[in-house]
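The values are calculated or read from the model by the stated rules, or taken from the named source; none is laboratory data. The shown structure was predicted, so the numbers you read here are calculated from the model rather than taken from an experiment. For neighbour counting, all protein chains shown are included, and Cβ atoms are generated from backbone atoms with ideal geometry for every residue, glycine included. Surface accessibility is based on the protein's heavy atoms, side chains included, excluding ligands, DNA and RNA. Shrake-Rupley method; radii C 1.70, N 1.55, O 1.52, S 1.80 Å.
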Amino acid sequence: MAERSSTICIERGLLSRAGLVAAEKLPSRNCAIISDDIVDALYGEKLESSLKNAGFSVVRMAFAHGESSKNIETYARVINFLAENRLTRKDAVIALGGGVVGDLAGFAAATYLRGVNLVQVPTSLLACVDSSVGGKTAIDITAGKNLCGAFYQPDLVLIDPDMLATLPDDIFTDGMAEVIKYAAISDISILDLCRNARENADGIIRRCIEIKKDVVAQDERDTSIRQILNFGHTYGHAVEAVSDFAITHGKAVAIGMCIMARACAKRGFCSAECADELISAIEAQGLPTASPFAPEALFETMLSDKKRVPDGLNLVLMTGRGACEIRKTPIATAKEMLEEGCRL
Ligand SMILES: NC(=O)c1ccc[n+]([C@@H]2O[C@H](COP(=O)([O-])OP(=O)(O)OC[C@H]3O[C@@H](n4cnc5c(N)ncnc54)[C@H](O)[C@@H]3O)[C@@H](O)[C@H]2O)c1
């Protein structure tokens, strides 16, 4: 079981009531909103007034948007900001933004004074369905993405799907790759909701979070079943890294899932129809389905995957509609599967 449990609220228009909900859950009336420049300009003031109306003293800080801010320098700025504003252990960090803000502000909350209260207010689809729930926080270091972080469950997750209205289409579509991942690992009926994804955002978010919560409750520290959430990620991370991050995470995961689905169908782990269904759903979102890179280039990068075990890789195999399985796979087999999955 997760060490601390989160209260998760999903409701259209919730942003204007965020202060009241936070006041019920948090032990003090002091907080710091951490955001990026784009999200802060859109929603920072609204969140601040909602908190103030509920009796909170609020300080607010925004850093430049984008993955390149998820680093030690920005982290240092954030924790110094918390210290300058004398936040105590009873006070709260409120992360308002996408996965970058959630990961970085979450890590700041986990480490400042050895841990203060944390509220996640995710504003991108990816953050709503994935990064705001489950307690993984991190920053990137020179050696790689997310290599410095902590498991730290938020006390409260406030999701207002209305905020997705301002999310640009390409970023929304990126988040859809993770949504399709949930369909693949657990509930194929999510694909029906994906046909009108923006309209069905509430339902999509609810279902994805249910699945994630259930998996994380069984394995918070990512040593066993939680790795199922990495379906498509081993090959996907390789695509992302070889492109030097020009291919975004969601597009790379989409490609990774297609490679895995094809390989699994060719090996008889699942039927060809099952793989085709997933690949068509990915294509229907306008996400890519094939790797622009040769398997040899991807393989080299794959060897540095965090999920690597001494004599192989923990691969998440597709075994049916809405069903996957983690299997320890020898490196040579993982390489063959990569080659099979890249062949169209
Ligand atoms: N902790 C986890 O479990 C976990 C899981 C998956 C991904 N991640 C991390 O999440 C990050 C990616 O998250 P992301 O895709 O949300 O990226 P992001 O936070 O960079 O957001 C993408 C862009 O969308 C903008 N944006 C966000 N919400 C908006 C809104 N409502 N309206 C308009 N613009 C908005 C942001 O300013 C940014 O420019 C990566 O760093 C990844 O490592 C973490």
Using the per-residue mean of other Cβ atoms lying within 10 Å as a proxy for protection, in what order, highest first, do the peptides 65-76, 201-212, 264-275 fall? 201-212, 264-275, 65-76
Going residue by residue through segment 156-167, the Karplus relation 6.51 cos²θ - 1.76 cosθ + 1.60 with θ = phi - 60° gives ³J(HN,Hα) values, rounded to whole Hz and with x marking Gly or Pro, of 8, 10, 10, 10, 10, x, 4, 5, 6, 4, 8, 6
Share of the chain's accessible area from carbon and sulfur, percent, 1.4 Å? 51
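Which of the three applies to the chain, rounded, prolate or oblate, going by the alpha-carbon gyration tensor with a ≥ b ≥ c and a/c under 1.5 meaning rounded? Don't jump to the answer; show the numbers that get you there.
Working: a/c = 2.03, a/b = 1.69, b/c = 1.20.
Prolate shape, in that a/c is at least 1.5 and a/b is the bigger ratio.
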Mind ordering 13-19, 254-260, 289-295 by average Cβ neighbours within 10 Å, highest first? 254-260, 13-19, 289-295
Could you list which residues have their amide H under 5 Å from that of residue 148, counting only those 5 or more apart in sequence or on another chain, with H placed in the peptide plane? 139, 141
What net charge do the residues around residue 247 carry, taking every other residue with its C-beta under 13 Å from that of residue 247, with Lys and Arg at +1 and Asp and Glu at -1? -4
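If I take R0 = 35 Å and measure r between the Cβ atoms of residue 84 and residue 246 in this structure, what FRET efficiency does the formula 1/(1 + (r/R0)^6) give, to the nearest 0.05?
0.40
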What are the ³J(HN,Hα) values, in whole Hz, obtained from phi via the Karplus relation 6.51 cos²θ - 1.76 cosθ + 1.60 with θ = phi - 60°, for each residue of segment 229-239 in sequence order, with x given for Gly and Pro? 5, 8, 3, x, 7, 4, 6, x, 4, 5, 4
Long-range amide H partners of residue 85 with built H, under 5 Å: none
Residues with amide H under 5 Å of residue 118's amide H, sequence separation 5 or more or different chain, H placed in the peptide plane at 1.01 Å from N; which? 93, 155, 156
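Keeping all protein chains in place, calculate the accessible area per residue for the chain (probe 1.4 angstrom), answer in Å².
That works out to 41 Å² for each residue.
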Distance from the Cα centre of segment 249-305 to that of segment 26-58, in angstrom? 40
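Tell me the mean residue ellipticity at 222 nm calculated for the chain from its helices only (DSSP H runs of n ≥ 4, each -39500 (n - 2.57), averaged over every residue, nearest 500).
Working: 12 runs with 144 residues, N = 344.
Value at 222 nm, helices only: -13000 deg cm²/dmol.
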